[in-house]
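The values are calculated or read from the model by the stated rules, or taken from the named source; none is laboratory data. These numbers were taken from a predicted model, which means no experiment stands behind them. All Cβ positions, glycine included, derive from the backbone under ideal geometry; neighbour counts span all protein chains shown. Protein only, heavy atoms only, side chains kept; ligands, DNA and RNA dropped before computing areas. Shrake-Rupley method; radii C 1.70, N 1.55, O 1.52, S 1.80 Å.
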Amino acid sequence: MMENNAQLIAQCEALAKQWLTPAFDEETRKEVQAMLDNPDKTDLIDAFYQNLEFGTGGLRGIMGAGTNRMNKYIVGMATQGFANYILKAFPGQQNAVVVGHDCRNNGRMFAETVADIFSANGIKVYLFESLRPTPEISFAIRQLKCQAGVNVTASHNPREYNGYKAYWDDGAQVLAPHDKGIIDEVQKVKIEDVKFEGNKDLIIPIGGEMDWDYIQAVKEAMVDQDVILRQKDLNIVYSPMHGTGRVIIPMALRSWGFQNIHVVPEQMVIDGNFPTVVSPNPENAEAMTLGMKLGTKLNADLVIASDPDADRLAIVCRNPKGEWEILNGNQTCMMFCWYIIANKKKLGQLKGNEFLVKTIVTTEVIAKIAEKNGVELRDCYTGFKWIANEIRVSEGVKKYIGGGEESFGFLPFDKVRDKDSPASICLICEIAAWAKDNGKTLYDLLMDIYAEYGFSKEVTINVVRPGKTGADEIKQMMADFRANPPKELGGSKVCLWKDYKTLEATKADGTVEKLNMPDTSNVLQWFCEDGTKVSVRPSGTEPKIKFYMEVKDPSFKCAGCYERCTKAAEEKIEAIKKDLKL
């Protein structure tokens with residue numbers, strides 16, 4: 001083990017010394033030299049043991065010097081490789097890309113670096129004049145008929161991260177074979193190959209006109225304008241969490257007809273340090289504290305928030321006691337799907353060729369909603385690029401009406417090909433308006449859905465393992481689960497095992513069937529006789545392994561059952577955690 005560690009340190013030192021050449025600026029050289037001089041080689045290893053690669057969310061990492069860090073050189077080599085691939089994929093034409101960024105530290109610098117490199121390679125660049133939401137970048141690629149795009153963002157990650165989302169000509173994040181092709185090109189690039197000196201004649205600033213076009217497109221997600229007109233004074237509190245939704249989302253809400261919108265002033269400040277939250281992640285209840293405080297003061301109907309790049313959303317509504325209840329991503333997705341189906345059907349907007357999409361780790365209640373209403377539902381891998389792929393393969397044949405995932409992302413229309421919180425926030429406010437028009441709250445509506453389609457409790461457990469040792473530990477955990485899958489979880493026998501790496505589904509009787517998926521993925525799933533579903537996968541964007549647990553309770557009959565069923569489900573989840581040694 002010590003010999004292997006010494007060999008790893010030697011490899012990292014050799015790589016680090018390459019970063020001491022004049023090709024790198026003085027600040028970078030000093031940071032690398034400090035890591036080389038430090039007797040504790042942990043930082044050196046973490047910074048140089050691997051190259052950042054495209055995962056489910058593109059390129060993402062902690063900012064700093066090194067091959068495993070986000071810095072202008074890694075961004076530069078990635079962009080040069082991306083440019084080389086675009087020129088090969090679309091030869092003999094004037095290619096164009098869209099480039100944007102969010103509120104994160106170094107975001108503008110990275111975006112301008114990306115724009116310079118693309119333009120130096122003869123590619124026209126539409127560069128947003130300032131920070132913009134991720135879904136607007138996706139929309140602009142389609143609107144301007146570009147070949148590709150880049151958004152500099154780390155989405156909801158902690159403040160020390162930044163990232164690089166690569167998009168293709170359909171406005172979706174890059175999928176195979178293009179992702180592998182880009183990586184191959186990037187791996188060929190050396191720092192001296194990067195064309196950092198931009199061609200300013202090929203860089204075109206965009207902003208307000210694209211905002212207008214995008215907001216008009218978002219209105220296509222509206223289902224029932226009449227209910228909004230009747231409830232235009234719905235009391236809404238909104239927070240952008242220091243990010244890109246601060247202008248677009250209030251504008252979009254007003255364009256839908258909502259007139260009583262309040263913002264959280266402390267979180268309207270653009271700041272990549274996110275000073276008012278521990279982490280700018282709508283999955284964390286702590287991030288909603290200021291919004292709920294203002295909501296209480298103003299007696300709001302609901303509190304909503306978007307993450308820094310405004311692709312995810314969070315929703316807080318009132319329970320029967322008047323207390324704030326934070327909806328989880330599964331509940332949010334379920335409510336969207338129910339409302340879209342129920343009200344499009346009521347208004348005669350369903351023609352029979354519509355479909356919904358959810359990820360394999362998202363609640364199975366949505367499958368029941370779709371089945372009972374005769375609407376096709378498709379399952380796909382985690383990552384919105386897979387939902388976008390389902391839209392792409394059915395374009396012109398079947399009508400996409402919505403899709404989402406448990407991690408607080410939803411897309412209610414097809415003009416964008418990524419999670420879209422501006423459109424989703426407008427739609428959830430329409431749903432709240434519909435509920436209020438019917439004498440209900442969002443909480444009441446949730447209880448109604450559970451009563452009709454079945455109760456489930458979903459919890460995601462994140463096991464964080466940073467650095468090289470953490471990556472090795474996560475790899476070993478997956479290997480152990482494959483070698484010794486659980487036979488029982490929470491007192492119920494496992495009756496079906498799915499391995500998306502081998503694309504095999506194994507039943508309790510030993511029967512093996514092939515899984516029909518477009519690619520393989522490092523995901524395991526276990527299904528129990530009582531309806532329990534547990535999924536496990538390493539994160540594609542953060543140093544952690546994620547466990548998604550869903551348990552059922554068929555005894556749920558009405559809202560009065562919620563607390564009892566929730567408590568019983570939580571007890572079962574604790575038992576499952578013990579079974580998995582978490």
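Would you please give the FRET efficiency between ASP193 and LYS399, computed as 1/(1 + (r/R0)^6) with r the Cβ-Cβ distance and R0 = 51 Å, to the nearest 0.05? Calculated transfer efficiency: 0.70.
Which peptide among 70-77, 260-267 comes first, and what is the full order, when sorted by highest mean count of other Cβ atoms within 10 Å?
Top to bottom by mean Cβ count within 10 Å: 70-77, 260-267.
Carbon-plus-sulfur accessible fraction, the range 457-582 (probe radius 1.4 Å, protein heavy atoms only): 51%. Placing VAL459, VAL32 in order of accessible area, with the largest value first and a 1.4 Å probe, yields VAL459, VAL32. The order of LYS30, LYS419, LYS219 by accessible area, most exposed first and with a 1.4 Å probe, is LYS30, LYS219, LYS419.
With r as the distance between the Cβ atoms of ASP201 and ASN484 and R0 = 45 Å, compute the FRET efficiency 1/(1 + (r/R0)^6) and round to 0.05. Efficiency, rounded to the nearest 0.05: 0.15.
Using a probe of 1.4 Å on the protein chains alone, the accessible area found for TYR161 is around 20 Å².
Among the GluC sites (Glu not before Pro) in the range 308-381, those placed in a DSSP loop whose Cβ has at most 16 other Cβ atoms within 10 Å are GLU323. As a calculated quantity, the FRET efficiency between GLU371 and LYS567 at R0 = 35 Å, using C-beta atoms, amounts to about 0.75.
Taking the Kirkwood radius as Rh and the Cα radius of gyration as Rg, the range 237-320 has a ratio of Rg/Rh equal to 0.94.
Inter-label distance, ASP437 to ASN516: 3.8 nm, where each label sits 7 Å from its Cα along the C-beta direction. Rounded to the nearest 500, the helix-only mean residue ellipticity at 222 nm of the chain stands at -12500 deg cm²/dmol, with each DSSP H run of n ≥ 4 adding -39,500 (n - 2.57). From the square roots a ≥ b ≥ c of the eigenvalues of the alpha-carbon gyration tensor of the range 373-488, which class results: rounded (a/c under 1.5), prolate (a/b over b/c), or oblate? Prolate, since a/c reaches 1.5 and a/b exceeds b/c.
Just the protein heavy atoms count here, and of the accessible area of the range 327-404 at 1.4 Å, carbon and sulfur take up 48 percent.
Ligands, DNA and RNA aside, ILE461 has an accessible area near 30 Å² when probed at 1.4 Å. Distances between placed amide hydrogens fall under 5 Å for THR362 paired with GLU406, all partners being 5 or more residues away or on another chain.
How much area per residue is accessible in the range 308-450 when the probe is 1.4 Å and only protein heavy atoms are counted (Å²)?
The answer is 29 Å² per residue.
Once you order the gyration tensor axes a ≥ b ≥ c over the Cα atoms, which shape class does the range 415-540 get: rounded for a/c under 1.5, otherwise prolate or oblate by comparing a/b with b/c?
Working: a/c = 2.22, a/b = 1.62, b/c = 1.37.
Taking the square roots of the gyration eigenvalues as a ≥ b ≥ c, the range 415-540 is prolate.
Name the shape class, rounded, prolate or oblate, that the alpha-carbon gyration tensor gives for the range 183-226, where a ≥ b ≥ c are the square roots of its eigenvalues, rounded holds for a/c under 1.5, and otherwise prolate holds if a/b is larger than b/c and oblate otherwise. Oblate shape, in that a/c is at least 1.5 and b/c is the bigger or equal ratio.
Of all beta bridges that DSSP places with both ends in the chain, some 65 percent have antiparallel geometry.
Computed across the chain, the Kirkwood radius stands at 24.8 Å (inverse of mean 1/r, all Cα pairs).
The accessible area of TRP497, taken with all protein chains in place and a 1.4 Å probe, comes to roughly 50 Å². Charge dipole of the range 186-338 (Cα centre as origin; +1 on each Lys and Arg Cβ, -1 on each Asp and Glu Cβ, all else neutral): 320 debye, rounded to the nearest 20. Counting only protein chain heavy atoms and rolling a 1.4 Å probe, the accessible areas of SER521, SER421 rank, largest first, as SER521, SER421.
Want the number for LYS180 to ARG254: 0.36 nm per residue separation, take away the alpha-carbon distance, what's left?
Length gained between LYS180 and ARG254: 22.4 nm.
Most simply put, the range 46-191 has about 50% antiparallel DSSP beta bridges, counting only bridges with both residues inside it. Distance between the C-alpha centres of the range 471-510 and the range 103-166: 39 Å, rounded to the whole angstrom.
Karplus-derived 3J(HN,Hα) values for the range 302-316, using 6.51 cos²θ - 1.76 cosθ + 1.60 with θ = phi - 60°, are 7, 10, 10, 8, 10, 7, x, 9, 6, 9, 9, 9, 10, 10, 10 Hz; glycine and proline are entered as x. The trypsin sites (Lys or Arg not before Pro) of the range 116-153 meeting both criteria, a DSSP state outside H, G, I, E and B (loop) and at most 15 other C-beta atoms within 10 angstrom of the site's C-beta, are LYS145. Loop-located trypsin sites (Lys or Arg not before Pro) in the range 325-397 (DSSP state not H, G, I, E or B) with no more than 15 neighbouring Cβ atoms inside 10 Å: LYS351.
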